[in-house]
Amino acid sequence: MFYGQYTIQFGADKALVFPERFADELSGNLFIVQGFDRNLLVMPEKSFFLLYQRVTNLNMADPLARMLLRLFLGNTIHAKLDDERRMRLSEHLYEYAELSLGNSAIFVGQGDHVEIWSPRYWENQNIDLVDASANSHRFASLDIRF
């Protein structure tokens, strides 16, 4: 399970070095997917395949389903971590997530996958996340029980 957040630095080669905590669970085939929030999703093969099955089972006569499939598969790359826990992104994904604005990225665990954020977009996301009064109303309809 992926949880927590980490700030990582990367050099001119644009290789992202995954935190050891995440890298241990990300051996094998990985899929890097363009997220909905100008972030990237890093999925182990099992998680990616489950999402792939759900998306490809949508009604392909529906234009929205076709658009989602293009977004999902058309912007996904296959990757593996090297022996030093490093991974390179395609230029397209690197630019989409605006990682080119600095030399760091924020890794955020999301259970079955990891999100990669530029510090700028993560800061904006965090402004929403720490708004306690909005959160009490925002999440009420989700019926979260434990």
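Taking the criterion of being surrounded by 11 or more Cβ atoms within 10 Å (Cβ to Cβ) and out of contact with any strand residue (DSSP E or B) (no Cβ under 7 Å at 6 or more places or on another chain), the residues of region 68-90 that qualify are LEU68, LEU69, LEU73, ASP82. Taking region 72-102 as the range and being touching a Lys or Arg at 6+ places or on another chain (Cβ under 9 Å) and of a type outside the set (Asp, Glu) as the test, the residues that pass are ALA79, MET87, ARG88, LEU89, TYR94, TYR96, ALA97, LEU99, SER100, LEU101, GLY102.
So, GLU98, is that one surrounded by 13 or more Cβ atoms within 10 Å (Cβ to Cβ) and at positive phi or not? Outline the logic, then answer.
Working: surrounded by 13 or more Cβ atoms within 10 Å (Cβ to Cβ): yes; at positive phi: yes.
Criteria met by GLU98.
Against the criterion of being charged (D, E, K, R), touching an Asp or Glu at 6+ places or on another chain (Cβ under 8 Å) and more than 18 Å from GLY11 (Cβ to Cβ), ARG120 qualifies. Within region 70-91, the set of residues being in a helix (DSSP H, G or I) and in contact (Cβ under 8 Å) with a residue 24 or more places away in the chain comprises LEU71, PHE72. Here is a check on your reading of the model: is ARG120 out of contact with any Phe, Trp or Tyr (no Cβ under 8 Å at 6 or more places or on another chain), farther than 24 Å from LEU26 by Cβ and surrounded by 10 or more Cβ atoms within 10 Å (Cβ to Cβ)? The answer is yes for ARG120.
Of all the residues that make up region 1-24, how many are within 15 Å of the chain's Cα centre (by Cα) and without any contact (Cβ under 8 Å) to a residue 24 or more places away in the chain? Going through region 1-24 one residue at a time, the tally reaches 0.
Could you tell me whether any residue of region 120-143 is out of contact with any strand residue (DSSP E or B) (no Cβ under 8 Å at 6 or more places or on another chain) and on the phi > 0 side of the Ramachandran plot? Looking for residues that are out of contact with any strand residue (DSSP E or B) (no Cβ under 8 Å at 6 or more places or on another chain) and on the phi > 0 side of the Ramachandran plot, one finds at least one in region 120-143, hence yes. Just give me the residues in region 108-141 being among the hydrophobic types (A, V, I, L, M, F, W, C) and either modelled with pLDDT under 90 or not in a strand (DSSP E or B) (or both), in sequence order. Correct list: TRP122, ILE127, LEU129, VAL130, ALA132, ALA134, PHE139, ALA140.
Looking at the structure I just gave you, is GLU20 surrounded by 12 or more Cβ atoms within 10 Å (Cβ to Cβ), acidic (Asp, Glu) and farther than 12 Å from ALA79 by Cβ? In short, no.
Condition check ((1) within 14 Å of VAL114 (Cα to Cα); (2) in a strand (DSSP E or B)) across all residues:
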site	(1), (2)
ARG21	yes, no
PHE36	yes, no
LEU41	yes, yes
LYS46	yes, no
ARG54	no, no
ASN59	no, no
LEU64	no, no
LEU68	no, no
LEU93	no, no
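Can you find a residue that is in a helix (DSSP H, G or I) and touching a Gly at 6+ places or on another chain (Cβ under 9 Å) anywhere in region 98-107? Within region 98-107 (the criterion being in a helix (DSSP H, G or I) and touching a Gly at 6+ places or on another chain (Cβ under 9 Å)), the answer is no, since none of the residues qualifies.
The values are calculated or read from the model by the stated rules, or taken from the named source; none is laboratory data. Note that this is a predicted model, so its numbers are computed, not measured. Heads up, the Cβs are rebuilt from the backbone with ideal geometry, glycines too, and the neighbour counts pull from every protein chain shown.
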